[in-house]
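Q: My questions all concern the structure below.
The values are calculated or read from the model by the stated rules, or taken from the named source; none is laboratory data. This is a predicted model, so every value here is computed, not measured. Note that each Cβ is placed from the backbone with ideal geometry, even for glycine, and that neighbours are counted across all protein chains shown.
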Amino acid sequence: MAATTTPLLSVQDLRVRFSTDEGIADAVDGVSFEVREGETLAVVGESGSGKSVSSLAVMGLVPRPPGEVVGGRVLFRGRDGDVRDLLRLPPRALRRIRGDEIAMVFQEPMSSLNPVYTLGEQIAETVRLHQGKERRAALRVAGEMLALLGIPDPDARLSAYPHQISGGMAQRVMIAMALACRPRLLIADEPSTALDVTIQAQVLDLIARMKREIGMAVLFITHHLGVVAEIADRVAVMYAGRVVEQAPTAALFATPRMPYTQGLLRSVPRLSTGCAAPARLEAIPGEAPSPFRQPAGCSFAPRCAHALPGTCDAAVPAMEACSTDHAVRCARWRALAGVPA
Amino acid sequence: MTDVLLEVEGLRKTFPVRRGPFGRGGGAVRAVDGVSFAIGRGEILGLVGESGSGKTTVGRTVLRALAPDAGRIVFDGTDIAGLDAAGLRPFRRRMQLVFQDPFSALNPRLTIEQALAEPLLIHRLAPTRAARQERVAALLAMVGLPAAAMQRFPHAFSGGQRQRIGIARALACEPDFIVADEPVSALDVSIQAQVVNLLADLRERLGLTLLFIAHDLAVVEYIADRIAVMYLGHIVEIAESRALCRRPLHPYTAALLSAVPVPDPAAPRRRIVLEGDMPSPANPPSGCPFRTRCRHALPACADARPVLREVAPGRFSACIRDDIVPSEAPEERRRD
């Protein structure tokens, strides 16, 4: 989709720190990305990369203590056209935006639903809160939402309780709740991870369809590169608290520049569809660094086959543009890509 | 198959369920409802299915961690389905399990040495502490961990390292057969590849026979020689891995394969979207278990349960529709 001049969401140099008995961890260490109007940005990373904490920080939901947002800006352009820094908004004003203009869907749908209220009451609550509709009108919106999501027999579902539905259905109800106020941005944190593949396919199709119908933007947090390839317009790859590569989806899969991205793509098992028999999986040696003991330079250097002592372990490389809309955090990307400096 | 290590025939396992707060009106969940397969010596059989398909119950039952309701489990020539605890003892050493969650599978109060020495003590495989330490060090080396890991406790290790320890423990008493139940599902992609490669290497080196249970078809295709697909307590298809993934014969296998997200934005997307959820195993449909979600279903599919039969050499499918090739002509899927 066409990019407008100011992005819908612009996260700039975000820093989140966790203070625990084990020490201080910079879980998010200067993260910047933007989500443009109507696009899907996937933030992909492995556990501990900081992808979920980044999305929680955007919503002002970092648990405090032990967490604390220690720096950065989260600029969101509202329906009224004003750009606000969500990190500096008073809690009341943030609550007005959250659930209305920005909505969220989490990984565990069952633990996000209240077991003692019907599904209808829970979806309608959002509508009553943000749109000031009375109970019956709000329930009608909830029913319309379920019908829009293609849920069979929506009226019966409204009076059902969470324990009466499956995990896949629960995730669809969460999506209905998130979309009831027609948000401009949906933050989806691993929404399909706990689901079986055939149900995951239904949920991904649903999010893509709703994105078209409502015209919203999606910030999609996932660890699954297959899911990224299916739904994202652009991708930000995170590693050890930092964004290490950012690119349009096609460019990222075709010409990954960061050795970590390259390694990640090679370690994903793929179904053999063509004639080539799948070779051995190429694993990335070693493990991600502990957030309490980050290496001095590039955080991927200890696992990187291309790491150069004196260069890669000296300083954290800066994010550098390597082509249009494609940026990478690697001191050696030019040498590795055969591009003259 | 010339040299069969494990042969399972007509395996059934039901679990009683209580309905309502006062335990009235109890029914039964037919978790495994007449499953038959065989695993050759040195072979890796992948067992694939979604949650509730009964794959884990099959794994636990063939190890006799659960007692089957019916059926035969012939391990190396002996039917162990009806054996009591004493009768099973000689088989316990030869069959081991690798768990899904490496965090809860290890006792947090035991050092790695204690955890790995336990099976050696139980089966009296190493008489002295020095012999046990030597064996534990060898096991750790086998899974790519330093001998110094012995003195440490599980919390000091990452998920990938703990899964290596779990594999080392399963190998401690030199088993012939290992059931690995979702051994890599809890791991990150880059670590998952390390553990899959490790299992493949160990199979080569030790001649292990594996039942590899997983929900991720792409992982299973990498490691397994043959794949069995389960749905609602039944095996619906068995075939050699590549053949099954390239040209599935059962409509459920085709739908499952088409739902796997492909890590390639340029790949053509042909997805068969299944409507609804898997029926409850407490109340399965008559006839073919998949017919309620199958787009090829005919009225006849409700009449009798289709048998798993050999439709081509080495290819077994439980579907009465011989006239269709389910992998062809699925609807084109729209891309944004």
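Q: For segment A:255-263, check the following and say yes or no: at least one residue is surrounded by fewer than 24 Cβ atoms within 10 Å (Cβ to Cβ) and aliphatic (A, V, I, L, M).
A: No.
Q: Can you pull out the residues in segment B:41-92 that are among the small types (Gly, Ala, Ser) and surrounded by 23 or more Cβ atoms within 10 Å (Cβ to Cβ)?
A: Scanning segment B:41-92 gives B:Gly46, B:Gly49, B:Ser53, B:Gly54.
Q: I need the full set of residues from segment A:232-250 which are more than 12 Å from the chain's Cα centre (by Cα) and within 12 Å of chain B (Cβ to nearest Cβ), in order please.
A: A:Asp233, A:Tyr239, A:Ala247, A:Pro248, A:Thr249, A:Ala250
Q: Within segment A:141-172, take every residue that is buried (at least 23 other Cβ atoms within 10 Å of the Cβ) and under 14 Å from A:Ala124 (Cα atoms) and give me the one that is modelled with the highest pLDDT.
A: A:Ala142
Q: Say we look at segment B:267-279 and pick out the residues that are in contact with a helix residue (DSSP H, G or I) (Cβ under 7 Å, 6 or more places away or on another chain) and either more than 7 Å from chain A (Cβ to nearest Cβ) or in a helix (DSSP H, G or I) (or both); which of these is surrounded by the most Cβ atoms within 10 Å (Cβ to Cβ)?
A: Once the filter is applied, the top-ranked residue is B:Ile272.
Q: Something else about it: With respect to B:Ser317, is the statement that it is hydroxyl-bearing (Ser, Thr, Tyr) and out of contact with any Asp or Glu (no Cβ under 8 Å at 6 or more places or on another chain) true?
A: Considered against the rule, which asks whether it is hydroxyl-bearing (Ser, Thr, Tyr) and out of contact with any Asp or Glu (no Cβ under 8 Å at 6 or more places or on another chain), B:Ser317 comes out as no.
Q: Quick check, is B:Glu204 without any contact (Cβ under 8 Å) to a residue 40 or more places away in the chain, surrounded by fewer than 18 Cβ atoms within 10 Å (Cβ to Cβ) and over 29 Å from B:Phe75 (Cβ atoms)?
A: no
Q: For segment A:34-95, please list each of the strands (runs of 3 or more DSSP E) lying entirely inside it that holds at least 3 residues being within 14 Å of chain B (Cβ to nearest Cβ) and modelled with pLDDT of 95 or more.
A: Per the criteria, A:40-44.
Q: Among the residues of segment A:88-111, count how many are crowded, with 18+ Cβ neighbours inside 10 Å and in contact (Cβ under 8 Å) with a residue 40 or more places away in the chain.
A: Count: 10.
Q: Ok, one more. Quick check on segment A:173-201: of everything there that is within 11 Å of chain B (Cβ to nearest Cβ) and closer than 15 Å to A:Pro109 by Cα, which residue is surrounded by the fewest Cβ atoms within 10 Å (Cβ to Cβ)?
A: Ranking the candidates gives A:Thr193 first.
Q: Restricting to segment A:222-265, name every residue that is among the aliphatic types (A, V, I, L, M), assigned to a helix (DSSP H, G or I) and within 17 Å of A:Glu39 (Cβ to Cβ).
A: If the condition is that a residue be among the aliphatic types (A, V, I, L, M), assigned to a helix (DSSP H, G or I) and within 17 Å of A:Glu39 (Cβ to Cβ), then A:Val227, A:Val228, A:Ala229, A:Ile231, A:Ala250, A:Ala251, A:Leu252 are the ones that fit.
Q: Pick from segment A:138-197 the residues that are over 20 Å from the mean Cα position of the chain (by Cα) and of a type in the set (S, T, N, Q): which of them is nearest to A:Met59 (Cα to Cα)?
A: Out of the qualifying residues, it is A:Ser166.
Q: Filter segment B:165-213 down to residues that are within 14 Å of chain A (Cβ to nearest Cβ) and outside any helix (DSSP H, G or I) and give me whichever is farthest from A:Val227 (Cα to Cα).
A: B:Phe212
Q: Being within 14 Å of chain B (Cβ to nearest Cβ), in contact (Cβ under 8 Å) with a residue 24 or more places away in the chain and not in a loop (DSSP other than H, G, I, E, B) narrows it down to one residue among A:Ile123, A:Ile207, A:Ile151; which is it?
A: A:Ile207
Q: I'm trying to understand the selection: among the residues of segment B:318-334, which are surrounded by fewer than 16 Cβ atoms within 10 Å (Cβ to Cβ) and at pLDDT 60 or above?
A: Once the filter is applied, which keeps residues that are surrounded by fewer than 16 Cβ atoms within 10 Å (Cβ to Cβ) and at pLDDT 60 or above, segment B:318-334 yields B:Asp322, B:Asp323, B:Ile324, B:Val325.
Q: Here are the criteria: (1) at positive phi; (2) surrounded by 20 or more Cβ atoms within 10 Å (Cβ to Cβ). Tell me which single one A:Gly30 does not satisfy.
A: Of (1) at positive phi; (2) surrounded by 20 or more Cβ atoms within 10 Å (Cβ to Cβ), only one is false for A:Gly30: (2).
Q: Also, I was wondering about something else. From the list A:Ser166, A:Ser159, which residue is out of contact with any strand residue (DSSP E or B) (no Cβ under 8 Å at 6 or more places or on another chain) and away from chain B (no Cβ under 14 Å)?
A: The unique qualifying residue is A:Ser159.
Q: Let me ask another. Mind checking whether some residue in segment A:278-287 is buried (at least 24 other Cβ atoms within 10 Å of the Cβ), touching a strand residue (DSSP E or B) at 6+ places or on another chain (Cβ under 7 Å) and facing another protein chain (nearest Cβ under 10 Å)?
A: no
Q: If you don't mind, another one. Mind listing whichever residues of segment B:240-266 are of a type in the set (S, T, N, Q) and more than 9 Å from every other protein chain (Cβ to nearest Cβ)?
A: Within segment B:240-266, B:Thr253 is the sole residue that qualifies.
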